[in-house]
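Peer 1: Mind having a look at this structure? Questions to follow.
The values are calculated or read from the model by the stated rules, or taken from the named source; none is laboratory data. All values derive from a computational prediction rather than experimental measurement. Cβ: placed from backbone, ideal geometry, glycine included. Neighbour counts: every protein chain shown.
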Amino acid sequence: MIMTTKCISHDLRASILQAIMDAEWYQDNQAQNYERSGVKEIILEDGTAQATLEIAKGHRAVAQKYRETMEQVRQLEVCE
């Protein structure tokens, strides 16, 4: 993600961070649900099977990207 602004309002930064944190929480929660389900694999809409731990791994990777984006947003200066 490329950021071109030099500063951001406090309220906007807080809103962006909250939205990213909510999305990150959702991805982590989905990963936990798959990990704790006890189900080894699920059948996808196209009829193929996928291991639930692989699905959880994908959710964890997305959550990590959200954490990286949050760090970038936190580094933006707050405009006065």
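Peer 1: Can you tell me which residue is modelled with the lowest pLDDT among those in the stretch 58-80 that are over 13 Å from residue 28 (Cβ atoms) and polar (S, T, N, Q)?
Peer 2: Per the criteria, the residue is 75.
Peer 1: Of the residues that sit in the stretch 37-80 and are farther than 16 Å from residue 21 by Cα and touching a residue at least 40 places away in the same chain (Cβ under 8 Å), which one is nearest to the chain's Cα centre (by Cα)?
Peer 2: In the first step, residues of the stretch 37-80 are kept if they are farther than 16 Å from residue 21 by Cα; the result is 37-58, 76-80.
Next, only the ones that are touching a residue at least 40 places away in the same chain (Cβ under 8 Å) stay: 76-79.
Values: 76: 19, 77: 23, 78: 24, 79: 26 Å.
Here the answer is 76.
Peer 1: Quick one: in the stretch 1-41, of everything that is at pLDDT 90 or above and among the aromatic types (Phe, Trp, Tyr), which residue is surrounded by the most Cβ atoms within 10 Å (Cβ to Cβ)?
Peer 2: 26
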